[in-house]
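Working notes for the structure below.
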Amino acid sequence: QFERKLRVWRITKNLPAKRWKAIVEKIKAREARSKASNVYLYGQRLHSPKINKAIQRYDLPTLCPSPSPSQSDLENIQISTPTPPNCAN
């Protein structure tokens, strides 16, 4: 019952490795195009230390390419370019 309520409230502590791998792959693709990335899970921004730790953990170089992430792996996850800070003139 408790876990079901947490799902209803969209609260999660950990993401499965499959979802982290999909996020890391998207971030790396954006970095290749010289784009910065903010990652949002259920509308809440994930902070850089957590993202950096995931990149170190799940960005494993391999000889054979991994399959591209499915849409379900990126469900409720948004990766976007950060907005520039407002400049006061």
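The values are calculated or read from the model by the stated rules, or taken from the named source; none is laboratory data. These numbers come from a predicted model, not from an experiment. Here the Cβ is made from the backbone with ideal geometry for all residues, glycine too, and neighbour counts use every protein chain on show. Areas reflect the complete protein model, heavy atoms only, side chains present, ligands, DNA and RNA absent. Shrake-Rupley method; radii C 1.70, N 1.55, O 1.52, S 1.80 Å.
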Next item on the list: Would you work out which of Val8, Pro49, Val39 lies farthest towards the positive end of the dipole of segment 1-61? Charges go on Cβ: Lys and Arg +1, Asp and Glu -1.
Entry: Val8
Margin query: Can you give me the distance in nm between label points at Tyr40 and Asp59, each placed 7 Å from the Cα along the Cα-to-Cβ direction?
Written below: 2.3 nm
Note to self: In Å², and per residue, what accessible area does segment 1-61 have when probed at 1.4 Å with the other protein chains present?
What the structure shows: 79 Å²
